[in-house]
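These notes concern the structure reproduced below.
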Amino acid sequence: MRGLPRDPVLRAGLIVFLVLAVSCTVLFSYFYIKYDRIIEKRFRNPVFANSAKIYALPRVLHEGEKMEAREIATDLRRAGYSEQESASKLGTIHLVKGGIEITPGPESYHSPEPARITFEDGKIAQITSRGTELSAYELEPQLVTALFDAEQRSKRQIVKYNEIPPVMVQAVLAIEDRRFFEHSGVNFGRTLEAVWEDVLRQRRAQGGSTLTQQLARGFFLTPEKSIKRKVTEMLIAEQLEQKFTKQQIFEIYANWVDLGQRGSFAISGFAEASKAYFNKDLKDISVPEAALLAGLIQRPSYLSPYRHPERAMDRRNLVLESMVETHAITREQADKAKATPLKLAAPNAEASDAPYFVDMVREQLTSKFNEQELNDSSYRIYTTLDPDLQKAAAQAVETGIKLVDEQVKKMRTKKIKVGKKYETKLLPGPQAQVALVALDPHTGAVLALVGGRDYGWSQLNHAVARRPTGSIFKPFVYAAAMNTALDGSPNVITPASTVTDEPSTFTYGDSIYEPRNYKEEYHGDVTLRYALAMSLNNATVKVAEEVGYDKVADLAKSAGIVSVKATPAMALGSYDASPLDMGGAYTSFANNGEKLSPILLHSVRNSKGDVLANYTTDQKQVLDPRVAYVMTNMMEGVVNNGLGYTAVRLRGFTAPAAGKTGSSHDGWFAGYTSNLLCIVWVGYDDYSDLRLSGAQTAAPIWTEFMKKASVLPQYADMKAFSQPTGVVDVQLDKATNRLATPNCTDDYVSAFVAGTEPHDTCDEQTGMKGFFSKIFGSGDKNIVTPAPPQTAEDPNNPQDAKKKKGFFGKLAGIFKDDKSSSQPAKPADNGQAPPH
């Protein structure tokens, strides 16, 4: 053959070379075309799927509120406002002397009415709009999170390259790919160095992959280590560089890169990571924060700043040194950044992401909208969530559940005899779970919601799990009793009516029911106000029996507790409801008798801000406002003098409040102020007995939450409850339950529906027979009846004398605590509910 060497060895070598060259060319062409098609298909559509955005409740500013212009500016920048005209369709802001000017844009949640807010001495002095003075102004709602992919359970916020701050770009390139803007996809020098370290010197690979190679591996290949995979990775990287600009490649990388885990969600991209780790927008990130995120790229779990702060700090400082070497920052800037401690957002995802709440929002939306439509069209979902209150709820739960764990551990720690010695052992058992629901009692808006102790551990939402309600159901028994003042009942029952608290047997149909008080402690003849405050079981069932089980059940069902049946066991909360159900039910007391269905959504809008759906609460009048107020007044007694006193008042919550402890197998507390209603539940998933009362478990969490809420500007004004027309406050003597006079100075105040209040005075010595015969009836019949009639008493009736003695003996001791600051006697509110 012409042109071939005559030497047979050289000729054979040349032929082999040509064959190999042709084979390699064919093979390269095959894989080039193959992956070119794969890349083309993968990037034909948007790289990352769009997602609907979930927004929080708008913050409302008021005149006189402590606030500064820069705080509002920061808030609105985070919401998407800009200081440049027309730069944001959401709106613009301008800091001016002594104030701030706000102009909502065409895609704002609000109507495009501008506002000017001025400040004096750190407070809002005036709010005006087009020359008109306003008392309040709503800010743009804050983004809570994106509507996550239900299968992948990952979260990301998409950003453009020009939205990524230069310091973030510099930090990434300094530690991951210094020649990014120079190479064509593969840094061959660095690759050879990595091979030398990894293969020849048997050391861990030093990371020879460029950012483009990392993308190639992440989008198209498995993480296995092999020569074939590495060559394929390099081939795809070269192709990516030909199809995209460097800026486009970095943008894809910045939105794709894995940066750890938050709860059960993967954190994808720098924007989501900035929110997760620092609770701030990416554009506001600082030098040390950018360095920390860049450092996490290598091994996000191993370097987690929450689990391994020392490792994270060391890696961050290494990135800062690399930034000095690449001249991204000066030595002085690096040293200053190194001296900065890790300033991380609360590790509890509940504090900012509200995952249980978001799950509920997602479920409600997908029942009406197609999920793909929601995400692909980038719908905006405006919710009722208050971020500040959600943070308070998460912190209160985190603190309170630790106290529960300590009590449980103490109960399970036993001394066991081993041989001749005793050893202390911790017996195994389930871990307590928790739920907290906070509502606006006048709108039904769910402001905060925690559905469990750790969303990453369990996504079961206990806020909507139905459990026996225990004693937080009892107010509905007493409310039905108070209704007798208005429904024409022959026996009118009031807070001062008395009932005998003693072991009793109740029959219903063919069933016999024998409830018991906690520790078998009975109090004899007591007022209804006291029976509720101390959560007396037998007394409560007697009240329900007198009123009629059917009337109690009808009231409870109208308030949203639909599972109840008209039985004696109902009176002690034997039937199931969820914390969210009970939150709605308690609006009947907190909202002048009008029951509001809890709502989580205000509005769904498209990406341009056009309204697609609005949401409102269902309203239903279930109690007369007068009865609702009397019940609130009685439940104030629970908090001020009853079983709630230790857990609420002694723990430092001083605002006017009403509430009720509850226990079945679980612990409950339901309570409210003039502007906030909160339900807390604590229990085990396996339904085993918590063996701790609501006052010991749920009430401290409620108190901690309310204390945090009370210092927030939007909830600080917790006023005394507003008394409607037709209710009177009466001062009663504690010993006799009659009207107090100057001769009976040991008294207490109780609210009554006007016309049902007592009329005799404590120092009247006549008419006692009628007083007691009306309270207790004749003979041995014990029923609930009103207190005040004025007829003669028969002193020769031994039954009257016996009851009179018991009555005064009990009340003399019982009511001395009604207004005092001393801790009341503590029959713990176990409820000892019947089997169910």
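The values are calculated or read from the model by the stated rules, or taken from the named source; none is laboratory data. Predicted model, so just to flag it, every value in this text is computed and none were measured. Positions of Cβ are generated from backbone atoms using ideal geometry, with glycine treated the same way; all protein chains shown enter the neighbour counts. Side chains included, ligands, DNA and RNA excluded: accessible areas come from the protein's heavy atoms. Shrake-Rupley method; radii C 1.70, N 1.55, O 1.52, S 1.80 Å.
Details
- Scanning region 110-128 for residues that are closer than 30 Å to Phe278 by Cβ and either open to solvent by less than 40 Å² (accessible area, probe 1.4 Å) or more than 32 Å from the chain's Cα centre (by Cα) (or both) turns up His110, Ala115, Ile117, Phe119, Gly122, Ile124.
- Residue within region 511-525 that is of a type outside the set (Gly, Ala, Ser), within 22 Å of Ala670 (Cβ to Cβ) and in a helix (DSSP H, G or I) present: yes
- Among the residues making up region 581-606, a single one is acidic (Asp, Glu) and buried (at least 22 other Cβ atoms within 10 Å of the Cβ): Asp581.
- Scanning region 474-495 for any residue that is surrounded by 24 or more Cβ atoms within 10 Å (Cβ to Cβ), modelled with pLDDT of 95 or more and at positive phi turns up nothing.
- Considering residues of region 607-645 that are touching a helix residue (DSSP H, G or I) at 6+ places or on another chain (Cβ under 6 Å) and in a loop (DSSP other than H, G, I, E, B) only, the residue surrounded by the fewest Cβ atoms within 10 Å (Cβ to Cβ): Val622
- Here Glu373 meets the list (1) more than 20 Å from the chain's Cα centre (by Cα); (2) part of a helix (DSSP H, G or I); (3) touching a residue at least 24 places away in the same chain (Cβ under 8 Å) almost entirely, failing just condition (3).
- Residues that are within 31 Å of the chain's Cα centre (by Cα) and assigned to a strand (DSSP E or B), drawn from region 400-442: Gln433, Val434, Ala435, Leu436, Val437, Ala438, Leu439
- Here Thr761 meets each of (1) among the β-branched types (Val, Ile, Thr); (2) under 20 Å from Pro625 (Cβ atoms); (3) open to solvent by less than 50 Å² (accessible area, probe 1.4 Å) with one exception, condition (2).
- Tally of residues being open to solvent by 30 Å² or more (accessible area, probe 1.4 Å) and either in contact (Cβ under 8 Å) with a residue 24 or more places away in the chain or of a type in the set (A, V, I, L, M, F, W, C) (or both) across region 381-402: 6
Residue-by-condition table, conditions (1) free of Cβ contacts under 8 Å to residues at least 40 places away in the same chain; (2) touching a Gly at 6+ places or on another chain (Cβ under 7 Å); (3) open to solvent by less than 10 Å² (accessible area, probe 1.4 Å):
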| residue | (1), (2), (3) |
| --- | --- |
| Val257 | no, yes, yes |
| Arg262 | no, no, no |
| Tyr277 | no, no, yes |
| Ile297 | no, no, no |
| Met313 | yes, no, no |
| Arg316 | yes, yes, yes |
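- Within region 539-558, the presence of at least one residue that is under 22 Å from Glu514 (Cβ atoms), without any contact (Cβ under 8 Å) to a residue 24 or more places away in the chain and either open to solvent by less than 30 Å² (accessible area, probe 1.4 Å) or under 25 Å from the mean Cα position of the chain (by Cα) (or both) is confirmed.
- Qualifying residue in region 530-537 (condition: touching a residue at least 60 places away in the same chain (Cβ under 8 Å), in a loop (DSSP other than H, G, I, E, B) and either among the β-branched types (Val, Ile, Thr) or touching a Cys at 6+ places or on another chain (Cβ under 6 Å) (or both)): no
- Qualifying residue in region 50-66 (condition: at pLDDT below 75 and not small (Gly, Ala, Ser)): yes
- Qualifying residue in region 27-35 (condition: modelled with pLDDT of 75 or more and out of contact with any helix residue (DSSP H, G or I) (no Cβ under 9 Å at 6 or more places or on another chain)): no
- Considering only residues in region 728-757 that are open to solvent by 40 Å² or more (accessible area, probe 1.4 Å) and of a type in the set (S, T, N, Q), the one that is modelled with the highest pLDDT turns out to be Gln731.
- Leu282 touching a residue at least 60 places away in the same chain (Cβ under 8 Å), more than 20 Å from Ser209 (Cβ to Cβ), surrounded by 18 or more Cβ atoms within 10 Å (Cβ to Cβ) and not β-branched (Val, Ile, Thr): yes
- The C-beta contact set for region 710-727 (first residue under 11 Å from Leu676 (Cα atoms), second residue part of a strand (DSSP E or B), distance under 7 angstrom, 6+ apart or interchain) comprises Gln714/Val60.
- Hits in region 498-544 - residues which are among the hydroxyl-bearing types (Ser, Thr, Tyr) and either within 21 Å of Asn633 (Cβ to Cβ) or touching a Gly at 6+ places or on another chain (Cβ under 6 Å) (or both): Thr498, Thr527, Tyr530, Ser535, Thr540
- Test for Gly131: is it touching a residue at least 24 places away in the same chain (Cβ under 8 Å) and either surrounded by fewer than 13 Cβ atoms within 10 Å (Cβ to Cβ) or not aromatic (Phe, Trp, Tyr) (or both): no
- Filter pass, Ile227 being surrounded by fewer than 21 Cβ atoms within 10 Å (Cβ to Cβ) and modelled with pLDDT under 90: yes
- Answer from Leu90, Leu57 - the residue that is in contact with a Phe, Trp or Tyr (Cβ under 7 Å, 6 or more places away or on another chain), of a type in the set (A, V, I, L, M, F, W, C), within 30 Å of Leu374 (Cβ to Cβ) and touching a residue at least 12 places away in the same chain (Cβ under 8 Å): Leu90
- Check on Gln696, over 23 Å from Val450 (Cβ atoms) and open to solvent by 10 Å² or more (accessible area, probe 1.4 Å): no
- Filtered by the rule that a residue be farther than 26 Å from Glu704 by Cα and open to solvent by less than 90 Å² (accessible area, probe 1.4 Å), region 425-436 gives Leu427, Gly429.
- Residues of region 197-224 satisfying the condition of being among the β-branched types (Val, Ile, Thr) and modelled with pLDDT under 75: Val199, Thr222
- Of all residues in region 562-578, those satisfying the criterion of being outside any helix (DSSP H, G or I) and either open to solvent by 30 Å² or more (accessible area, probe 1.4 Å) or within 25 Å of Ile512 (Cβ to Cβ) (or both) are Val562, Ser563, Val564, Lys565, Ala566, Thr567, Gly573, Ser574, Tyr575, Asp576.
- Given (1) of a type outside the set (Gly, Ala, Ser); (2) open to solvent by 30 Å² or more (accessible area, probe 1.4 Å); (3) within 22 Å of the chain's Cα centre (by Cα), index of the condition Pro309 fails: (3)
- Selection status of Tyr356, under 23 Å from the mean Cα position of the chain (by Cα), among the hydroxyl-bearing types (Ser, Thr, Tyr) and assigned to a helix (DSSP H, G or I): yes
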